[in-house]
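Encoded as structure tokens, the structure appears first; notes follow it.
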Amino acid sequence: MKKHPMLKYLKEEAAAGPRLPLILCPGCGAGQVLNYALRAVDAVIQEDGLRKEDFVFISGVGCSSRLASHYLNFDSAWTLHGRALAVATGALLANPKLKIIVFTGDGDAAAIGGNHLIHTCRRNLDLTILCVNNGLYGMTGGQVAPTTPFGVRTVTTPYGNVEDEFDLCRLAQTAGATYVARWSTAHPHQTIKTIQKGIRKNGTAFIEILSQCPVHLKKTPAEMFRQLKKSTVSLKKAAAGRAGSRIPVGEFCDIDKPDWITRYQNVIDRLQSDERTHE
Amino acid sequence: MNKLHVNAAYCKGCLICVEVCPAAAIRPCPMINSRGYTLPEEDDMSRCTGCRLCETVCPDFAVAIETDEDGGE
Amino acid sequence: MSPDRSTDLLKPGVHYLQGAQACAEGALMAGCRVYAGYPITPATEIMEHAAHRLPRVGGRFIQMEDEISSASVLLGASWAGAKAMTATSSPGFSLMQEVISFAIMTETPLVIVDVQRPGPGQGYISTSQEDVMQARWGHHGEGSIIALSPASAQDMFDFTIEAFNLAERWRTPVLVMAEETVAHMRERVVVPPADAIPIVNRTTPQDLGIPPQSYLPYGHAQVPPMAVWGQGYNINHVSLVHHADGNVTRYNPAVHLENVGRIHRKIEDNVDAIARLETRGLDGCRHVLICYGSVSRTGIEAVREAREQRGIPIGFIRLNTLWPFPERRLRDLVPEVDAVFVPEMNLGMMIHPVTEALRDRCRRVVPIPSLGSLHSPGAILARIYEEIP
Amino acid sequence: MIRHRRFEIRIAGYGGQGVVTIGKILGTAFSVYGGWNSVNTQSYGPESRGGACRSELVVADGDINYPYVRKADVLVALSQEALDTYVADIRDHAVLLIDPRAVTRLPGTGAFRLVRVPTVEIARQTGDIKCQNTVALGALYALIADMIDEDALLQAIEGNVLPATLGLNRAAFEQGKRYVRSHFAVEK
């Protein structure tokens, strides 16, 4: 039987037994994001002459963070709730050659890890952040998240959400990320291309992927997939005032500026040249 | 003719593959399997263009399209 | 002379350093090349010195947005192959407990220095030993910890090196439970030639000839060899209860017991190899004073004066290592005595394991508490004289 | 002066007078170049910013256990507040080194040897009032010269001041030392 092409990057079997299928619920968008991310990595490996061992996947806690729990046949870590970006910062400082991809969710990145998200973007650390936004806390049972729209009922907003949601892309852009884009699981090709671009970007790439939680939103995966497509609109159309209630998708920014490691290396080089002058 | 492979151990029957197929080459299987899932199955594979969108969107790495090129390998 | 202007590691010889500087220099000497921290009095001097020195030895320093992220940085840095450290003070140490727990479970070598200040709450910014129980019991879940207790600027240098060595040897987080007293005092620090300083590096699967396909990230030995990211071992660090291969799919209590039991035992079974203590005048003593950290400086003075002034047969023990607690060793050292005095800069914390260890060896255990300041020798002496008229 | 087993120096003033630097220099001189042990500590609290400031040095020819000053053998007071705060904690016959411009009220009783040095004035004449602390250091050195070589102090100064200010600090040290040597009998 022919196997799915991306299974070459996953640990199907290991000493203690099978690891697949993914723990995620049927039709969960996080699995699709893993599929897209692996395709992007596959393309970068083939096109840029990188090795598989140059890549590291790091996640926090939540549905999307399970992607780096133990399935990947890559160096990886499934870390603390909200702290994936701080852990990734450490790995980058220790070995800037690593291509680090962070799987995070809206709760992980915007609530408990919100401060780390802001500062990671501000520092322009060379990380690729894939934020799977399903608008709620899935793993703990569908509670309200910072990305849940106003008025939506969840188990912890039984009378409707009284708060407004975060626009994570605008947040990342304002905080200083050099590459910011939003797509949805219903935009497979755009998402894959965008992740490739993010990996190649020398600086913080924040990529938000709107995703579906068929379980807590009580719709079939196919319905949700269709709905995601309908509820999004290109940034260009949105800019022309034609978005309505639709969510803009596309590239929010793609700028060039030195990343943290480059600037710090400049300091190291300056100190060494000062020292040589003194000798 | 292209062939649809479904890994029954991994597939959770979300049917997003059926949803995205631009050629309507695959369909939900009328039977529910032993794990309670409705898996995709071939409908009219003569319509399959080998675009592999079903593979690309699969959240569970469960479906694969075999084309003549694969057979030739 | 000033380490601030050297471009390399601290040169062998005599230096005059603040404990905080000695700590940062010890870290560099041990091979620390990533430092992450967040400012907090009275630990900030360690961070400032690290900021100054890391780029000069080819390392990287980062000031993070809080203590949680500072400690989290160490995890990623360690997995990517660096030795990494942070320093904080008590309120920040509280914030780091989740990371410590995580590091224990993922068996990640890293070093956290806690320059203790008194609490609770903001308390004050003076000296303290109020976190010694938090060091052992502050993290959620099981798993032992290694915690050292320096008493001088020289110790701040030596113990920080030792902390890195222990972290690498036992693949575990190690705590240096410093105090404001030792972090801020300036003293002579003698630096031996680099080749006379033992440096331990973690055992890798390559060291043991284990190829990637048969590597078990949590297997092979009581202290598993640790692969470094980027070398093809596809190592996945995971803190959910896991099998030796890192698989987390099939939880069962037996696997849990095996997993966490080993992590606990690798420290506790090796307490004699890990823990150190210093003794004076235990032969024929009728009483003993047990202390640690800067209190041991005052304690030895009080013991000397009690012996000289009144001929009281009192011995002295300093716990250089707080955890794992050397219970068996303590029982071997202490004969049948009358009183055991335990001066501490808290209301009585290490007195508990001391009492448990010596419950049938002595008639009474006497706490000598102090909050926010180092006991004067006179204060300890007065308590001894009160108890032994 | 007798070679004490333990000798305690306390320097007090307000923030910005370089009190902490004198402590560092003295400690370095004693421990690195002088063959003694020493522990240098400083007052530590939010109030030390701009407010009261204190630096202490315990010197001994053996181990120093308790690191803080209990009864000072020398108190250098560069402000009235410093004198008022610490004069009670000096040993009998201790040396009290003060700047008479800053310290005008002295305790009526007590067995101490008073050494008045106009540190600010000497510093101004030397070139910069910022080197008041090294003037005081030179004066202090003249009083404890039997414990330590001048060279040890000069080396310690070199390691603890900015290279650009080294000449000025050396001159200030010299002026402070000379002042005490030429006025010592008068002050006594």
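The values are calculated or read from the model by the stated rules, or taken from the named source; none is laboratory data. The structure presented is a predicted model; accordingly, all values stated were derived computationally and were not measured. All Cβ positions, even for glycine, are placed from backbone atoms using ideal geometry, and neighbour counts span all protein chains on display.
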D:D92 vs. criteria over 18 Å from C:M185 (Cα atoms) and of a type outside the set (A, V, I, L, M): yes
Residues of the range A:67-109 that turn out to be more than 7 Å from chain C (Cβ to nearest Cβ), buried (at least 24 other Cβ atoms within 10 Å of the Cβ) and of a type outside the set (D, E), as a count: 15
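Kindly check whether there is at least one residue in the range D:62-70 that is within 20 Å of D:A136 (Cβ to Cβ) and either without any contact (Cβ under 8 Å) to a residue 24 or more places away in the chain or outside any helix (DSSP H, G or I) (or both). Spell out how you get there, then give the answer.
Within the range D:62-70, the subset within 20 Å of D:A136 (Cβ to Cβ) is D:69.
Going one step further and asking which of them are either without any contact (Cβ under 8 Å) to a residue 24 or more places away in the chain or outside any helix (DSSP H, G or I) (or both), we end up with D:69.
Yes, that holds for at least one residue.
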Residue match in the range C:44-52 (condition: more than 28 Å from D:L57 (Cβ to Cβ) and either more than 9 Å from chain A (Cβ to nearest Cβ) or in a loop (DSSP other than H, G, I, E, B) (or both)): no
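Just a yes or no: is a residue in the range A:16-34 more than 9 Å from chain B (Cβ to nearest Cβ) and either assigned to a helix (DSSP H, G or I) or at pLDDT 95 or above (or both)? Steps first, answer last, please.
First, the residues of the range A:16-34 that are more than 9 Å from chain B (Cβ to nearest Cβ): A:16-17, A:19, A:23.
In the following step, the residues that additionally are either assigned to a helix (DSSP H, G or I) or at pLDDT 95 or above (or both) were identified as none.
No; the residues of the range A:16-34 include none that is more than 9 Å from chain B (Cβ to nearest Cβ) and either assigned to a helix (DSSP H, G or I) or at pLDDT 95 or above (or both).
Matching residues to (1) touching a residue at least 12 places away in the same chain (Cβ under 8 Å); (2) polar (S, T, N, Q); (3) over 29 Å from A:K218 (Cα atoms); (4) in contact with a strand residue (DSSP E or B) (Cβ under 8 Å, 6 or more places away or on another chain):
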site	(1), (2), (3), (4)
A:G17	no, no, yes, no
A:I23	yes, no, no, no
A:C63	yes, no, no, yes
A:A77	yes, no, yes, yes
A:H81	yes, no, no, no
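Taking the options C:I312, C:I300, C:I317, name whichever one is part of a loop (DSSP other than H, G, I, E, B) and aliphatic (A, V, I, L, M).
Working: C:I300 fails: part of a loop (DSSP other than H, G, I, E, B); C:I317 fails: part of a loop (DSSP other than H, G, I, E, B).
Step by step, each of C:I312, C:I300, C:I317 is checked, and only C:I312 is part of a loop (DSSP other than H, G, I, E, B) and aliphatic (A, V, I, L, M).
Please verify whether the range C:150-158 includes one or more residues that are within 22 Å of C:M349 (Cβ to Cβ), assigned to a helix (DSSP H, G or I) and within 14 Å of chain D (Cβ to nearest Cβ).
Of all residues in the range C:150-158, those within 22 Å of C:M349 (Cβ to Cβ) come to C:150-152, C:155-156.
Then drop every residue that is not assigned to a helix (DSSP H, G or I), which leaves C:155-156.
Subsequent filtering for residues that are within 14 Å of chain D (Cβ to nearest Cβ) retains C:155-156.
Among the residues of the range C:150-158, at least one is within 22 Å of C:M349 (Cβ to Cβ), assigned to a helix (DSSP H, G or I) and within 14 Å of chain D (Cβ to nearest Cβ), which makes the answer yes.
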Residue satisfying all of: in the range C:10-35; facing another protein chain (nearest Cβ under 7 Å) and among the aliphatic types (A, V, I, L, M); farthest from the chain's Cα centre (by Cα) among these: C:V14
All positions within the range C:53-73 that are at the interface with chain A (Cβ under 8 Å from one of its Cβ atoms) and of a type in the set (D, E): C:E65, C:D66
All positions within the range A:52-66 that are facing chain C (nearest Cβ under 9 Å) and either farther than 21 Å from A:E12 by Cβ or of a type in the set (K, R) (or both): A:K52, A:D54, A:I58
Test set (1) crowded, with 24+ Cβ neighbours inside 10 Å; (2) touching a strand residue (DSSP E or B) at 6+ places or on another chain (Cβ under 6 Å) - C:S69 fails condition number: (2)
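Among the helices (runs of 4 or more DSSP H) lying completely within the range A:149-230, list those that include at least 1 residues that are touching a Cys at 6+ places or on another chain (Cβ under 8 Å).
Values: elements: A:168-175, A:188-200, A:221-230.
Here the list reads A:168-175, A:221-230.
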Subset of the range B:1-41 that is facing chain A (nearest Cβ under 9 Å) and in contact with a helix residue (DSSP H, G or I) (Cβ under 8 Å, 6 or more places away or on another chain) - its residue that is surrounded by the fewest Cβ atoms within 10 Å (Cβ to Cβ): B:K3
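Would you point out which residue out of C:F61, C:F102 is assigned to a helix (DSSP H, G or I), modelled with pLDDT of 95 or more, in the same structural domain as C:I145 (by TED's automatic domain parsing) and at negative phi?
Working: C:F61 fails: assigned to a helix (DSSP H, G or I).
Answer to the selection: C:F102.
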The range A:268-279 residues that are surrounded by 11 or more Cβ atoms within 10 Å (Cβ to Cβ), paired with ones that are modelled with pLDDT of 70 or more (beta carbon under 7 Å, 6 or more apart): A:I268/C:P55; A:I268/C:G58; A:L271/C:P55; A:L271/C:R56
